1. Looking at (1) at negative phi; (2) touching a His at 6+ places or on another chain (Cβ under 9 Å), find the lone condition where Ser417 falls short.
2. Assuming Ala30 fulfils every condition listed in (1) outside any loop (DSSP other than H, G, I, E, B); (2) touching a residue at least 40 places away in the same chain (Cβ under 8 Å) apart from one, which condition is it?
3. Check whether at least one residue in the range 213-225 is under 15 Å from Val427 (Cα atoms) and either in the same structural domain as Gln457 (by TED's automatic domain parsing) or touching a residue at least 12 places away in the same chain (Cβ under 8 Å) (or both), and report yes or no.
4. Which of the residues that make up the range 226-251 are within 17 Å of Asp262 (Cα to Cα) and without any contact (Cβ under 8 Å) to a residue 40 or more places away in the chain?
5. Which residue, of Leu507, Leu487, Leu513, Leu450, is closer than 19 Å to Pro182 by Cβ, touching a residue at least 40 places away in the same chain (Cβ under 8 Å) and not assigned by TED's automatic domain parsing to the domain that holds Ala293?
6. Does Gly414 satisfy being surrounded by fewer than 18 Cβ atoms within 10 Å (Cβ to Cβ) and closer than 24 Å to Thr241 by Cα?
7. Search the range 291-339 for residues being of a type in the set (Ser, Thr, Tyr) and more than 14 Å from Ala359 (Cα to Cα), and hand back the single one that is surrounded by the most Cβ atoms within 10 Å (Cβ to Cβ).
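The values are calculated or read from the model by the stated rules, or taken from the named source; none is laboratory data. All values derive from a computational prediction rather than experimental measurement. Counting neighbours? That spans all protein chains shown, and the Cβs are built from the backbone with ideal geometry, glycine included.
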Amino acid sequence: MLTAVLTTIAFLTPQDAASFDQGYRLSALATLGSKPAATIVVPDDDPHRLEVKFVDGSGVQLVGGSLQALSPEVYSIDEYLTELGAVRHRVYSQSDDWLQAFRASGEAHSGRPLHDLTLFYGVELHGEGLIAEVCDALNAFDIVEIAYPLPRVSDPVIAPAPSTSAPLVTPNYEGLQGYRGPAPTGIDADYGNTFSGGAGLGTTIADVETGWTDDHEDIAHKAQGSFVGLPNAPYPWDHGTAVLGELVGEHNSWGVRGSCYDSDVLLSTHEGSSSNIPTAVMNAIAAVVPGDAVLLEIQCYSSMPGPHPCETVPSIFAAVEAATANGIHVFAASGNGDNNLDSGAYGGLFDRNVRDSGAVLVGASDGATLNKASFSNYGSRLDAHGWGWDVVTSGYGDLQGGPVTQQYTSAFSGTSSASPIVTGAGVILNSIHRTVLGTPIDPLVLRSLLTSTGTPQGSGGSIGPRPNVRAAIDSLNLPRIEVSGNLVPGGQYTVTSQGPGNAVYVLTFAAGLRNNPWSSPWGEFFLASPWGRVKSGILPASGVADFQATIPNDPALSGTTYGYYQGWQRFAGTNGGSFANYAPINVQ
């Protein structure tokens, strides 16, 4: 029957039928891949589902379950799919009006053309072994930009073994989170958190993966019930729980602490189904706004060497490209296949000279070392890396067992554990920039900042540097204060306020920090009451002013924090000025 249908189609669709502008925008659009001479289907591909993207400008629509357009080619394609009993559906759940507006705003913001997101359609086949033949039949039409099988998806994790121990009280595991600490071992999240906005306040992170234990004790304050798109299934699920522990683990005296713990999170599941991946990605993108972040905790398997990043799927690439063009930061796991993404087997899909989605592609190192982890994919397209071994976070239960809502791990690994580390660094920097200057950083600029200021990797294939939040903040020349001197009982110390020359500045002091920072139009104020102004004035042209003081000569102060300083500055280009970071006086 299939041969007869194909013969009929060839008769119905002469090559010169052209009621649409076949070359419309194509020469400037990023490639979605080349039509193969013959589609290769591997066991990792979905045996019943494929996707098709029609040429931009073709005006193809799905009406009453049928594909329609002015071109006779579309009529023939629809007749063919009807003969096969195939079900046609939209890839993205958003309306055509929303998708068109999103594309238009992305083009206006970025100045580059984007794919028409309304022209992606899914096809579900009930027969066996038809995927390759149907893809080849569709690719024979000029109006089809590309038809392709859907790859299998998985969480990009090296999973720890669970434990059955059941402690009654959760201890504080923050001291085991070396990835939070100073460079070169960590990303210096602790330093970033001292800045106004530096804990991610006002930023939303949409996480795309299989599932979460959303009521886990360390992430429930942000995650519980925060689903977008498809419902949470399955539950419980350790992978997403571990990812969110790295990002938003609650700032308290037990469990883990996330690198950007004040951020909000949204949860977009693909439920483990390949056909749901593009839908879940777009559901996450549609739920955030420019300046927010989307984290793709997924890796795909297809006829290309796998696992690999899922932006090999045209509908995912187009969605991510539109997101970054709209000012949304996208971070994506590179996958755990030890594959060279510069290999010709990927057809240039990871060659920035061919195309670039704008996402930050993340590799993994051997934990605290800067060397490439044996399993991490690598190549020139990777932008940054994080710890890929033995990350301490929520979930799994090998560090602490008990109920699923109380479990913790010391062995979360893979590009799964690396990606939230890099994401956290990016969110910290973007949130500080938005708080201080009033605008988020453009995704391509933030990606470049992470790469140019990061700690260089060690041995192995290219996985990019490890983010260094302190170095990145220094390069932005944002207002900040620093403490130096003889930090012992009776010692003299200096507080330095740095910022733009001729800016008005104020230095304040308090014995402690607020449990919850006070938010204002000028950012976050961290000092607890009572606090007092110790110095104010105008920064000289050098942009640096000092204040000197002495620690009381009391031996009991050794090993304690004597107090905290925080600054405020008013300078050109901001809406009234901004609070700077706080700096502790840690007595030795």
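1. Ser417 satisfies all of (1) at negative phi; (2) touching a His at 6+ places or on another chain (Cβ under 9 Å) except (2).
2. All conditions are met except number (1).
3. No, the range 213-225 contains no residue that is under 15 Å from Val427 (Cα atoms) and either in the same structural domain as Gln457 (by TED's automatic domain parsing) or touching a residue at least 12 places away in the same chain (Cβ under 8 Å) (or both).
4. The answer is Glu250, and nothing else.
5. Only one candidate passes the filter, namely Leu487.
6. Numbers: surrounded by fewer than 18 Cβ atoms within 10 Å (Cβ to Cβ): no; closer than 24 Å to Thr241 by Cα: yes.
Judged against the criteria, Gly414 is not a match.
7. From the range 291-339, those of a type in the set (Ser, Thr, Tyr) are 301-303, 312, 315, 324, 334; that's our starting set.
With more than 14 Å from Ala359 (Cα to Cα) added as a condition, the list becomes 301-303, 315.
Details: Tyr301: 21, Ser302: 22, Ser303: 17, Ser315: 28.
Residue satisfying both the conditions and the ranking: Ser315.
Quick grid of which residues meet (1) in contact with a Lys or Arg (Cβ under 8 Å, 6 or more places away or on another chain); (2) not β-branched (Val, Ile, Thr):
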site: Ala322; (1), (2): yes, yes
site: Ile328; (1), (2): no, no
site: Ser343; (1), (2): no, yes
site: Ser357; (1), (2): no, yes
